[in-house]
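Right, one structure below, let's go through it.
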Amino acid sequence: MGAGPELSIQEWKSGFCPDVPQTIINDDGGMPSFRIVHRHSSKECAAAYAAWKGFDGMLRGHPTASSCRWGDHQIWWDLDADNGAEALRRLPRYVSDRAVAVRIGEVVIP
Ligand SMILES: [Zn+2]
């Protein structure tokens, strides 16, 4: 028995990229920002939206980007949280089980 489900936020970490611009905008030392990337299949689409019913969360009732209408079935949220696990807890379990939280910040493209 493990200590619990492993969060998928580690899966996409592939190491430091030396070419990332070092100029970061608005890094004021405040709460980190994350982009939640959620993906489901076309068969899971109705369930992914229905999962929010009865879930008390700050993300409900606000517009966010989604590609479902065009058949790709991804939804993205940008939010601030202490860490990736905390960011994923803002989603219903059905949705967070199919999501990763990617820490993001603004950079200047050279
Ligand atoms: Zn969908």
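Could you list 102, 108, 95 in order of exposure, starting from the residue whose Cβ has the fewest other Cβ atoms within 10 Å? Display every interim value, and only then the final one.
Working: 102 17, 108 9, 95 24.
Taking fewest neighbouring Cβ atoms as first place, the list is 108, 102, 95.
Hey, fewest Cβ within 10 Å first, where do 75, 36 land in order?
Working: 75 21, 36 24.
With the sparsest Cβ surroundings first, the list reads 75, 36.
With 10 angstrom as the radius, rank 70, 77, 52 by how many other C-beta atoms surround their C-beta, starting from the fewest. Mind showing how you got there, number by number?
Numbers: 70 8, 77 20, 52 16.
Final ranking by Cβ density, sparse to dense: 70, 52, 77.
Could you give the nm distance between label points at residue 78 and residue 59, where each point is 7 Å from its Cα heading toward the beta carbon?
1.5 nm
For the range 56-110, take the convex hull of the Cα atoms, compute a quarter of its surface area, and give me that in nm², please.
On the way: hull surface 21.3 nm².
With every direction weighted equally, the projected area is 5.3 nm².
Any read-out appearing in this document is the output of simple, stated calculations on the displayed coordinates, not a laboratory observation. Just so you know, these numbers come straight off a predicted model, no measurement behind them. So basically every Cβ, Gly included, is an ideal-geometry build from the backbone, and we count neighbours across all protein chains shown.
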